[in-house]
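Written out below as C-alpha coordinates is the structure these notes cover.
The values are calculated or read from the model by the stated rules, or taken from the named source; none is laboratory data. Just so you know, these numbers come straight off a predicted model, no measurement behind them. Cβ: placed from backbone, ideal geometry, glycine included. Neighbour counts: every protein chain shown. Side chains are part of the model used for accessible areas, which takes the heavy atoms of the whole protein and leaves out ligands, DNA and RNA. Shrake-Rupley method; radii C 1.70, N 1.55, O 1.52, S 1.80 Å.
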Amino acid sequence: MKYIVILGDGMADYPIPELSGKTPLGSANKPCMDYLADRSATYGLVKTTIAGLPAGSDVANLSAMGYDPLKYYTGRGPLEAASIGIPLKPADVAFRCNLITADDNIIDYSAGHITTQESSELMKYLDSKLGTPDTRFYPGISYRHLLVIEGCPDGINCTAPHDVVGQPVKDNLPKGEGSEKIIELIEASRDLLANHPINKKRVAEGKRPANSIWPWGQGRKPSMPTFKDRYGLDGAVISAVDLIKGLGVFAGLEVINVPGATGYLDTDYGAKAAHALKSLESKDFVFVHVEAPDEMSHEGRLKDKIRAIEDLDNKLIRPILAGMAGRDEFRMMVLPDHPTPLATKTHAYDPVPYIIYDSRYNITNNKRYDEESMKNGRYVAHGCDLMGLFIHGDIQG
(Lines give C-alpha, C1' and ligand atoms only; values in the text may rest on other atoms or scores of the structure.)
Protein backbone atom coordinates (compact mmCIF):
# COMPACT_ATOMS: atom_id res chain seq x y z
CA MET A 1 0.00 0.00 0.00
CA LYS A 2 1.19 3.49 -0.92
CA TYR A 3 0.05 6.67 0.85
CA ILE A 4 -0.22 10.09 -0.82
CA VAL A 5 -1.18 13.35 0.93
CA ILE A 6 -2.03 16.41 -1.18
CA LEU A 7 -2.28 19.55 0.93
CA GLY A 8 -3.50 22.82 -0.59
CA ASP A 9 -2.35 25.50 1.82
CA GLY A 10 -5.15 27.92 2.77
CA MET A 11 -7.49 26.33 0.24
CA ALA A 12 -10.56 26.44 2.51
CA ASP A 13 -12.61 29.64 2.71
CA TYR A 14 -15.98 31.17 3.60
CA PRO A 15 -18.99 31.54 1.26
CA ILE A 16 -18.50 34.48 -1.11
CA PRO A 17 -21.39 36.58 -2.48
CA GLU A 18 -19.72 36.95 -5.90
CA LEU A 19 -19.77 33.15 -6.16
CA SER A 20 -23.50 32.95 -5.33
CA GLY A 21 -22.66 31.97 -1.78
CA LYS A 22 -20.19 29.25 -2.73
CA THR A 23 -16.60 29.03 -1.53
CA PRO A 24 -13.67 28.96 -3.97
CA LEU A 25 -13.52 25.18 -3.48
CA GLY A 26 -17.24 24.93 -4.19
CA SER A 27 -16.95 27.08 -7.31
CA ALA A 28 -13.73 25.74 -8.82
CA ASN A 29 -13.69 23.28 -11.73
CA LYS A 30 -11.82 20.43 -10.04
CA PRO A 31 -12.99 17.10 -11.48
CA CYS A 32 -10.22 15.04 -9.88
CA MET A 33 -10.93 16.21 -6.33
CA ASP A 34 -14.65 15.77 -6.91
CA TYR A 35 -14.04 12.26 -8.28
CA LEU A 36 -12.06 11.38 -5.16
CA ALA A 37 -14.73 12.87 -2.89
CA ASP A 38 -17.45 10.87 -4.62
CA ARG A 39 -15.46 7.68 -4.09
CA SER A 40 -13.86 8.42 -0.72
CA ALA A 41 -14.23 5.76 1.92
CA THR A 42 -13.99 8.43 4.63
CA TYR A 43 -14.54 12.16 4.42
CA GLY A 44 -15.51 15.04 6.68
CA LEU A 45 -14.05 18.01 8.53
CA VAL A 46 -10.88 18.11 10.60
CA LYS A 47 -9.72 20.70 13.16
CA THR A 48 -6.01 21.21 12.50
CA THR A 49 -5.71 24.45 14.47
CA ILE A 50 -5.60 24.79 18.25
CA ALA A 51 -6.91 27.60 20.44
CA GLY A 52 -4.03 29.44 22.06
CA LEU A 53 -1.58 28.65 19.24
CA PRO A 54 -1.26 30.56 15.94
CA ALA A 55 -3.74 29.56 13.22
CA GLY A 56 -0.77 29.23 10.91
CA SER A 57 0.75 26.76 8.50
CA ASP A 58 3.30 25.72 11.11
CA VAL A 59 0.73 24.46 13.65
CA ALA A 60 -1.74 23.20 11.03
CA ASN A 61 0.79 21.26 8.95
CA LEU A 62 2.33 19.79 12.10
CA SER A 63 -1.18 18.51 12.92
CA ALA A 64 -1.73 17.28 9.37
CA MET A 65 1.53 15.31 9.54
CA GLY A 66 0.28 13.55 12.66
CA TYR A 67 2.09 15.45 15.42
CA ASP A 68 0.33 17.09 18.36
CA PRO A 69 1.29 20.80 18.31
CA LEU A 70 0.67 21.07 22.04
CA LYS A 71 3.52 18.61 22.50
CA TYR A 72 5.90 19.40 19.63
CA TYR A 73 5.34 22.99 18.48
CA THR A 74 8.02 25.49 19.50
CA GLY A 75 7.69 28.07 16.69
CA ARG A 76 8.02 28.48 12.96
CA GLY A 77 11.61 29.74 12.86
CA PRO A 78 13.39 26.54 13.93
CA LEU A 79 11.48 24.53 11.32
CA GLU A 80 12.68 26.85 8.60
CA ALA A 81 16.21 26.71 10.02
CA ALA A 82 16.18 22.94 9.64
CA SER A 83 15.10 23.28 6.02
CA ILE A 84 18.04 25.45 5.02
CA GLY A 85 20.53 23.45 7.10
CA ILE A 86 21.16 25.90 9.93
CA PRO A 87 22.09 23.98 13.11
CA LEU A 88 20.61 25.51 16.25
CA LYS A 89 22.26 25.46 19.66
CA PRO A 90 20.11 25.20 22.81
CA ALA A 91 20.54 28.94 23.44
CA ASP A 92 19.53 29.91 19.89
CA VAL A 93 16.15 31.38 19.00
CA ALA A 94 15.28 31.28 15.30
CA PHE A 95 12.91 33.84 13.77
CA ARG A 96 11.21 33.69 10.39
CA CYS A 97 12.42 36.95 8.84
CA ASN A 98 10.31 38.43 6.04
CA LEU A 99 11.54 41.07 3.67
CA ILE A 100 8.59 43.47 3.48
CA THR A 101 7.57 46.78 1.94
CA ALA A 102 6.72 49.43 4.52
CA ASP A 103 6.42 53.15 5.07
CA ASP A 104 4.50 54.23 8.17
CA ASN A 105 2.28 51.22 7.43
CA ILE A 106 3.00 47.64 6.45
CA ILE A 107 2.30 47.68 2.71
CA ASP A 108 3.30 44.21 1.50
CA TYR A 109 4.37 41.20 3.58
CA SER A 110 6.29 39.78 0.59
CA ALA A 111 7.93 42.87 -0.96
CA GLY A 112 6.11 42.17 -4.21
CA HIS A 113 7.14 38.50 -4.06
CA ILE A 114 10.74 39.53 -4.53
CA THR A 115 12.90 37.04 -6.39
CA THR A 116 15.20 34.71 -4.50
CA GLN A 117 18.23 36.07 -6.34
CA GLU A 118 17.46 39.64 -5.26
CA SER A 119 16.48 38.79 -1.71
CA SER A 120 19.51 36.57 -1.12
CA GLU A 121 21.80 39.45 -1.97
CA LEU A 122 19.88 41.75 0.38
CA MET A 123 20.02 39.27 3.27
CA LYS A 124 23.76 38.72 2.81
CA TYR A 125 24.18 42.49 2.81
CA LEU A 126 22.22 42.82 6.05
CA ASP A 127 24.29 40.06 7.64
CA SER A 128 27.50 41.86 6.68
CA LYS A 129 26.23 45.09 8.26
CA LEU A 130 24.16 43.91 11.23
CA GLY A 131 25.42 40.40 11.87
CA THR A 132 27.46 39.63 14.99
CA PRO A 133 28.70 36.38 16.56
CA ASP A 134 25.31 36.04 18.29
CA THR A 135 23.05 37.60 15.61
CA ARG A 136 23.02 36.13 12.10
CA PHE A 137 20.86 36.55 8.98
CA TYR A 138 20.38 33.65 6.57
CA PRO A 139 18.84 33.84 3.07
CA GLY A 140 15.94 31.58 2.17
CA ILE A 141 13.48 31.72 -0.74
CA SER A 142 11.77 34.84 -2.12
CA TYR A 143 10.67 36.95 0.86
CA ARG A 144 11.08 34.14 3.43
CA HIS A 145 14.36 34.27 5.40
CA LEU A 146 15.85 33.54 8.80
CA LEU A 147 17.24 35.45 11.76
CA VAL A 148 18.99 33.53 14.55
CA ILE A 149 19.86 35.19 17.86
CA GLU A 150 21.84 33.39 20.55
CA GLY A 151 20.68 34.08 24.09
CA CYS A 152 17.43 35.74 23.04
CA PRO A 153 14.65 35.69 25.68
CA ASP A 154 11.58 33.54 25.03
CA GLY A 155 9.00 36.16 25.96
CA ILE A 156 9.01 38.29 22.82
CA ASN A 157 5.59 38.74 21.21
CA CYS A 158 5.86 39.14 17.42
CA THR A 159 3.09 39.58 14.86
CA ALA A 160 3.00 37.87 11.47
CA PRO A 161 3.20 40.59 8.78
CA HIS A 162 0.50 39.02 6.59
CA ASP A 163 -1.94 39.53 9.47
CA VAL A 164 -1.42 43.30 9.66
CA VAL A 165 -1.05 44.54 6.08
CA GLY A 166 -2.26 48.13 5.90
CA GLN A 167 -1.77 48.70 9.62
CA PRO A 168 0.79 51.06 11.23
CA VAL A 169 4.27 49.67 11.76
CA LYS A 170 4.54 51.29 15.20
CA ASP A 171 1.40 49.52 16.46
CA ASN A 172 2.68 46.07 15.48
CA LEU A 173 6.33 46.13 16.52
CA PRO A 174 7.55 43.29 18.78
CA LYS A 175 6.69 43.55 22.46
CA GLY A 176 7.93 41.95 25.66
CA GLU A 177 11.29 41.13 27.19
CA GLY A 178 14.06 41.34 24.60
CA SER A 179 11.93 43.10 21.98
CA GLU A 180 14.16 46.19 22.02
CA LYS A 181 16.87 44.33 20.11
CA ILE A 182 14.43 43.16 17.43
CA ILE A 183 13.04 46.66 17.00
CA GLU A 184 16.58 48.03 16.66
CA LEU A 185 17.28 45.48 13.91
CA ILE A 186 14.08 46.43 12.07
CA GLU A 187 14.93 50.12 12.20
CA ALA A 188 18.55 49.54 11.18
CA SER A 189 17.43 47.39 8.24
CA ARG A 190 15.23 50.20 6.94
CA ASP A 191 18.17 52.61 6.92
CA LEU A 192 20.37 50.07 5.11
CA LEU A 193 17.85 48.80 2.57
CA ALA A 194 16.35 52.12 1.49
CA ASN A 195 19.19 53.02 -0.85
CA HIS A 196 20.43 49.58 -1.81
CA PRO A 197 20.89 49.28 -5.62
CA ILE A 198 18.48 46.35 -5.80
CA ASN A 199 15.70 48.40 -4.26
CA LYS A 200 16.49 51.44 -6.39
CA LYS A 201 16.21 49.23 -9.46
CA ARG A 202 12.92 47.70 -8.25
CA VAL A 203 11.40 51.12 -7.65
CA ALA A 204 12.56 52.30 -11.09
CA GLU A 205 10.83 49.27 -12.60
CA GLY A 206 7.59 50.01 -10.75
CA LYS A 207 8.08 47.15 -8.28
CA ARG A 208 7.76 47.28 -4.52
CA PRO A 209 11.09 47.59 -2.66
CA ALA A 210 12.18 45.19 0.07
CA ASN A 211 12.88 48.06 2.44
CA SER A 212 12.52 46.42 5.85
CA ILE A 213 12.87 43.13 7.67
CA TRP A 214 10.06 41.77 9.84
CA PRO A 215 11.02 38.97 12.28
CA TRP A 216 8.27 36.71 13.70
CA GLY A 217 7.42 33.07 14.40
CA GLN A 218 10.37 32.55 16.72
CA GLY A 219 11.23 29.41 18.64
CA ARG A 220 13.89 26.98 19.79
CA LYS A 221 14.84 23.65 18.23
CA PRO A 222 12.08 21.04 18.78
CA SER A 223 12.49 17.35 19.51
CA MET A 224 10.17 15.04 17.57
CA PRO A 225 9.94 11.29 16.88
CA THR A 226 10.41 10.34 13.25
CA PHE A 227 7.48 9.61 10.98
CA LYS A 228 8.75 6.05 10.58
CA ASP A 229 8.82 5.55 14.35
CA ARG A 230 5.22 6.79 14.59
CA TYR A 231 3.70 5.12 11.54
CA GLY A 232 6.20 2.52 10.31
CA LEU A 233 6.59 4.10 6.87
CA ASP A 234 9.51 5.54 4.94
CA GLY A 235 8.44 8.73 3.26
CA ALA A 236 9.21 12.00 1.56
CA VAL A 237 7.96 15.59 1.56
CA ILE A 238 7.66 17.90 -1.46
CA SER A 239 7.18 21.64 -1.03
CA ALA A 240 8.60 24.96 -2.13
CA VAL A 241 8.26 26.33 1.41
CA ASP A 242 11.07 26.09 3.96
CA LEU A 243 8.59 25.62 6.81
CA ILE A 244 7.23 22.38 5.32
CA LYS A 245 10.69 21.16 4.39
CA GLY A 246 11.79 21.79 7.97
CA LEU A 247 8.88 19.74 9.30
CA GLY A 248 10.04 16.99 6.98
CA VAL A 249 13.59 17.21 8.34
CA PHE A 250 12.46 16.87 11.96
CA ALA A 251 10.06 14.05 10.98
CA GLY A 252 12.90 12.15 9.30
CA LEU A 253 11.28 12.34 5.86
CA GLU A 254 13.34 12.77 2.72
CA VAL A 255 13.04 16.37 1.56
CA ILE A 256 12.76 16.41 -2.22
CA ASN A 257 13.74 19.72 -3.79
CA VAL A 258 11.82 20.09 -7.05
CA PRO A 259 13.20 22.45 -9.71
CA GLY A 260 10.55 25.00 -10.61
CA ALA A 261 8.68 24.75 -7.30
CA THR A 262 8.16 28.38 -6.33
CA GLY A 263 5.39 28.47 -3.72
CA TYR A 264 3.39 30.73 -6.04
CA LEU A 265 1.00 30.56 -9.02
CA ASP A 266 3.85 29.75 -11.37
CA THR A 267 5.01 26.68 -9.43
CA ASP A 268 5.73 23.61 -11.56
CA TYR A 269 2.90 21.27 -10.58
CA GLY A 270 3.91 18.71 -13.18
CA ALA A 271 7.41 18.46 -11.77
CA LYS A 272 5.97 17.99 -8.29
CA ALA A 273 3.74 15.19 -9.57
CA ALA A 274 6.63 13.48 -11.35
CA HIS A 275 8.86 13.63 -8.28
CA ALA A 276 6.04 12.33 -6.07
CA LEU A 277 5.50 9.34 -8.35
CA LYS A 278 9.24 8.70 -8.53
CA SER A 279 9.56 8.77 -4.75
CA LEU A 280 6.81 6.15 -4.40
CA GLU A 281 8.91 3.67 -6.36
CA SER A 282 11.09 3.28 -3.27
CA LYS A 283 9.03 4.80 -0.46
CA ASP A 284 5.57 4.16 0.94
CA PHE A 285 4.48 7.71 1.75
CA VAL A 286 4.69 11.16 0.17
CA PHE A 287 3.38 14.50 1.47
CA VAL A 288 2.93 17.07 -1.31
CA HIS A 289 2.34 20.67 -0.20
CA VAL A 290 1.10 23.47 -2.48
CA GLU A 291 1.38 27.07 -1.26
CA ALA A 292 -0.35 29.01 -4.05
CA PRO A 293 -3.95 29.06 -2.72
CA ASP A 294 -2.75 30.58 0.54
CA GLU A 295 -0.72 33.27 -1.23
CA MET A 296 -3.71 34.26 -3.36
CA SER A 297 -5.87 34.47 -0.24
CA HIS A 298 -3.40 36.75 1.53
CA GLU A 299 -3.45 39.00 -1.54
CA GLY A 300 -7.26 38.95 -1.79
CA ARG A 301 -7.24 37.60 -5.36
CA LEU A 302 -10.42 35.58 -5.80
CA LYS A 303 -9.99 34.55 -9.43
CA ASP A 304 -6.40 33.53 -8.85
CA LYS A 305 -7.29 31.51 -5.75
CA ILE A 306 -9.76 29.56 -7.88
CA ARG A 307 -7.08 29.22 -10.55
CA ALA A 308 -4.62 27.86 -7.95
CA ILE A 309 -7.17 25.25 -6.84
CA GLU A 310 -7.91 24.25 -10.44
CA ASP A 311 -4.20 24.00 -11.28
CA LEU A 312 -3.62 21.82 -8.22
CA ASP A 313 -6.41 19.55 -9.41
CA ASN A 314 -5.49 19.37 -13.09
CA LYS A 315 -1.70 19.63 -13.02
CA LEU A 316 -0.88 17.76 -9.80
CA ILE A 317 -3.63 15.36 -8.75
CA ARG A 318 -4.57 14.27 -12.28
CA PRO A 319 -1.06 13.09 -13.27
CA ILE A 320 -0.54 11.40 -9.91
CA LEU A 321 -3.78 9.45 -10.30
CA ALA A 322 -2.81 8.54 -13.86
CA GLY A 323 0.65 7.51 -12.71
CA MET A 324 -0.74 5.28 -9.95
CA ALA A 325 -3.12 3.48 -12.31
CA GLY A 326 -2.03 -0.14 -12.63
CA ARG A 327 0.57 0.26 -9.87
CA ASP A 328 0.30 -0.54 -6.18
CA GLU A 329 -2.90 -0.15 -4.22
CA PHE A 330 -2.91 3.29 -2.65
CA ARG A 331 -4.66 5.73 -0.40
CA MET A 332 -4.81 9.43 -1.19
CA MET A 333 -5.80 12.15 1.27
CA VAL A 334 -6.62 15.70 0.14
CA LEU A 335 -7.05 18.60 2.56
CA PRO A 336 -6.10 22.20 3.31
CA ASP A 337 -4.07 22.94 6.42
CA HIS A 338 -6.33 25.82 7.55
CA PRO A 339 -8.79 28.24 5.97
CA THR A 340 -7.40 31.50 4.62
CA PRO A 341 -10.57 33.48 3.91
CA LEU A 342 -10.37 36.08 1.18
CA ALA A 343 -12.60 38.31 3.30
CA THR A 344 -9.92 38.64 5.98
CA LYS A 345 -6.75 37.80 4.00
CA THR A 346 -5.41 35.86 6.97
CA HIS A 347 -5.67 32.42 8.57
CA ALA A 348 -8.73 31.21 10.47
CA TYR A 349 -9.33 28.52 13.09
CA ASP A 350 -12.30 26.81 11.40
CA PRO A 351 -12.23 23.09 10.55
CA VAL A 352 -11.26 22.15 7.00
CA PRO A 353 -12.64 19.50 4.61
CA TYR A 354 -10.70 16.28 4.03
CA ILE A 355 -11.18 13.21 1.85
CA ILE A 356 -9.53 9.81 2.14
CA TYR A 357 -9.66 7.72 -1.05
CA ASP A 358 -8.70 4.04 -1.11
CA SER A 359 -8.12 2.49 -4.54
CA ARG A 360 -9.41 -0.90 -3.32
CA TYR A 361 -12.96 0.27 -2.69
CA ASN A 362 -15.70 0.88 -5.26
CA ILE A 363 -17.85 3.48 -3.51
CA THR A 364 -20.22 6.21 -4.65
CA ASN A 365 -21.08 9.00 -2.20
CA ASN A 366 -22.64 11.56 -4.54
CA LYS A 367 -20.35 14.12 -2.93
CA ARG A 368 -18.24 16.97 -4.25
CA TYR A 369 -15.13 18.24 -2.51
CA ASP A 370 -15.94 21.46 -0.69
CA GLU A 371 -16.64 22.70 2.81
CA GLU A 372 -20.43 22.30 2.62
CA SER A 373 -20.46 18.82 1.11
CA MET A 374 -17.98 17.45 3.66
CA LYS A 375 -19.61 18.84 6.81
CA ASN A 376 -21.86 15.82 7.39
CA GLY A 377 -19.01 13.35 7.24
CA ARG A 378 -16.68 12.11 9.97
CA TYR A 379 -15.48 14.95 12.21
CA VAL A 380 -11.90 14.70 13.50
CA ALA A 381 -11.60 17.01 16.50
CA HIS A 382 -7.83 16.71 16.85
CA GLY A 383 -5.96 17.18 13.58
CA CYS A 384 -3.02 15.09 14.71
CA ASP A 385 -5.32 12.03 14.79
CA LEU A 386 -6.13 12.24 11.07
CA MET A 387 -2.83 10.78 9.89
CA GLY A 388 -3.33 7.67 12.00
CA LEU A 389 -6.82 7.27 10.53
CA PHE A 390 -5.40 7.73 7.02
CA ILE A 391 -2.63 5.16 7.44
CA HIS A 392 -3.93 2.62 9.91
CA GLY A 393 -7.68 3.23 10.14
CA ASP A 394 -10.39 0.99 8.82
CA ILE A 395 -11.88 3.65 6.59
CA GLN A 396 -14.35 1.64 4.52
CA GLY A 397 -17.91 2.88 4.84
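At a glance:
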item	result
Net charge over other residues, Cβ less than 13 angstrom from the Cβ of Asp350 (K, R count +1; D, E count -1)	-2
Rounded to whole Hz, the Karplus (6.51, -1.76, 1.60) HN-Hα couplings of segment 296-303, x for glycine and proline	5, 5, 4, 8, x, 9, 4, 4
Relative contact order (%) - criterion: Cα under 8 Å, at least six apart; region: segment 260-397	18
Per residue, in Å², the accessible surface of segment 335-397 once ligands and nucleic acids are set aside, probe 1.4 Å	46
Sites Glu187 and His392, calculated FRET efficiency, Cβ-Cβ separation with R0 41 Å, nearest 0.05	0.20
Debye, to nearest 20: dipole size of segment 219-339, +1 on Lys, Arg Cβ, -1 on Asp, Glu Cβ	160
Table column - 3J(HN,Hα) (Hz), segment 272-280, Karplus curve with 6.51, -1.76, 1.60, x for Gly and Pro	4, 4, 4, 5, 5, 5, 4, 5, 6
Mean shadow area of segment 20-77 over all directions, Cα convex hull, nm²	6.1
Average accessible area per residue (Å²) across segment 147-279 - probe 1.4 Å, nucleic acids and ligands excluded	43
For segment 180-233, with +1 on Lys and Arg beta carbons and -1 on Asp and Glu, the positive-most of Ser212, Leu233, Ala194 along the dipole	Leu233
Built amide H within the under 5 Å cut-off of Leu342, gap 5+	Tyr14
Lys, Arg +1 and Asp, Glu -1 on Cβ, resulting dipole of segment 6-45 about Cα centre, debye, nearest 20	120
Taking the C-alpha atoms of segment 164-223, convex hull volume expressed per residue in Å³	133
Histogram of C-alpha separations across segment 15-136, 10 Å bin width, %	9, 23, 30, 25, 10, 2
Fraction of accessible area attributable to carbon and sulfur, the chain (%, probe 1.4 Å)	48
Amide H contacts of Asp108 (H built 1.01 Å from N, under 5 Å, at least 5 apart or other chain)	Thr101
Charged-residue dipole, Cβ positions (Lys, Arg, Asp, Glu), the chain about Cα centre, Debye nearest 20	480
Mean shadow area of segment 259-397 over all directions, Cα convex hull, nm²	9.1
Residue-normalised accessible area of segment 27-131, expressed per residue, 1.4 Å probe, Å²	33
Rg(Cα)/(2.2 N^0.38 Å) for the chain, N = residue count	0.97
Selection of GluC sites (Glu not before Pro), segment 296-397, meeting DSSP coil and at most 11 other Cβ within 10 Å	Glu329
Neighbourhood charge, 13 Å Cβ-Cβ cut-off, centred on Pro54 and excluding it, Lys, Arg +1 and Asp, Glu -1	-1
Additional length obtainable on full extension of the chain from Asn29 to Glu121, 0.36 nm per residue less Cα span	29.1 nm
Relative contact order %, the chain, counting alpha carbon pairs below 8 Å whose residues are six or more apart	33
Cut-off 13 Å between beta-carbons: net charge of the residues surrounding Lys207, Lys and Arg +1, Asp and Glu -1	+1
Beta bridges per DSSP with both ends in the chain, % antiparallel, nearest 5	60
